[in-house]
Amino acid sequence: MTKLVLLLALAGSVTEVRAQAVADTVLRRELLEHVAKDQAMRDTLATALRATGTFPEAIGRRMLALDSANTRWLKAVILQHGWPTRAQVGKEGTDAACLIVQHAVHDLDFMEQMVPVLEQAQRAGDVEGSQVAMLADRVATHRGRRQRYGTDARIVDGRVIIDPIDDSAHVDQRRARLGLPPLAAYKRVLDSVYAKASP
């Protein structure tokens with residue numbers, strides 16, 4: 001059974017950097033540099049996994065150390081400046097901040113504190129609804145609770161299984177409020193990307 005790292009909505013959002021007028025070019029550059037290191041480490045891990053078929057513990061330890069350092073840095077930024085806005089750092093900058101928070105699973109308290117912060121930022125137009133949903137669901141599943149939006153899933157015997165959802169009868173309404181497609185459509189995308197083809 002394999003846990004999926006489902007950041008499809010963020011894929012490519014921090015790698016393509018467009019020229020954009022922002023208020024804090026230094027913070028924007030630092031956010032993008034931190035995430036470039038994050039992505040390079042995950043690329044290294046993925047390459048090693050493909051090559052050996054096993055989880056490389058040494059790379060995993062390096063990734064945890066990098067995630068911890070990135071989290072400490074972002075906490076200090078938020079303490080000093082608050083959550084970075086698009087006006088301050090651009091969309092790529094806010095996407096980078098969201099990714100650092102998503103990868104802070106070693107600090108669930110921090111992740112949980114950031115859920116209402118991202119909810120407020122989403123209402124202000126500074127982050128995407130998908131980023132709020134993924135963070136809220138990741139915190140819930142890591143805390144042993146049912147998720148609200150259905151973004152967390154696992155691969156079991158080659159099949160994508162959505163983790164349990166609280167009040168699943170109304171999940172599509174909650175997803176729609178954040179601009180997400182219905183759960184069935186999301187599941188089809190996951191199946192096309194992650195599920196094994198039938199023999």
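Computed values, structure above
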quantity	calculated
Unmet requirement for R29, which otherwise passes all of (1) assigned to a helix (DSSP H, G or I); (2) modelled with pLDDT of 95 or more; (3) within 18 Å of the chain's Cα centre (by Cα)	(3)
Out of A23, A48, sole residue that is at pLDDT below 95, more than 18 Å from the chain's Cα centre (by Cα) and part of a helix (DSSP H, G or I)	A48
Close pairs (6 angstrom Cβ cut-off, 6 or more residues apart or separate chains): under 14 Å from D67 (Cβ atoms) and among the charged types (D, E, K, R) in the range 83-109, at pLDDT 95 or above and part of a helix (DSSP H, G or I) anywhere	D107/T71
Boolean, D38 is more than 16 Å from D95 (Cβ to Cβ) and either in a helix (DSSP H, G or I) or among the acidic types (D, E) (or both)	no
Helices (runs of 4 or more DSSP H) fully within the range 51-143 counting 3 or more residues that are in contact with a strand residue (DSSP E or B) (Cβ under 6 Å, 6 or more places away or on another chain) and at pLDDT 95 or above	129-142
Test: residue in the range 162-169 that is within 30 Å of R72 (Cβ to Cβ), surrounded by 14 or more Cβ atoms within 10 Å (Cβ to Cβ) and of a type outside the set (V, I, T)	yes
Residue list for the range 94-110, restricted to those being under 11 Å from R28 (Cβ atoms) and over 14 Å from the mean Cα position of the chain (by Cα)	none
Residue, farthest from I100 (Cα to Cα), within the range 144-178, restricted to residues that are aliphatic (A, V, I, L, M) and outside any helix (DSSP H, G or I)	V156
Verdict on R175 being touching a Leu at 6+ places or on another chain (Cβ under 7 Å), of a type outside the set (V, I, T), buried (at least 19 other Cβ atoms within 10 Å of the Cβ) and in contact (Cβ under 8 Å) with a residue 12 or more places away in the chain	yes
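The values are calculated or read from the model by the stated rules, or taken from the named source; none is laboratory data. Treat the numbers as computed from the prediction; the structure is a model and nothing was measured. Note that each Cβ is placed from the backbone with ideal geometry, even for glycine, and that neighbours are counted across all protein chains shown.
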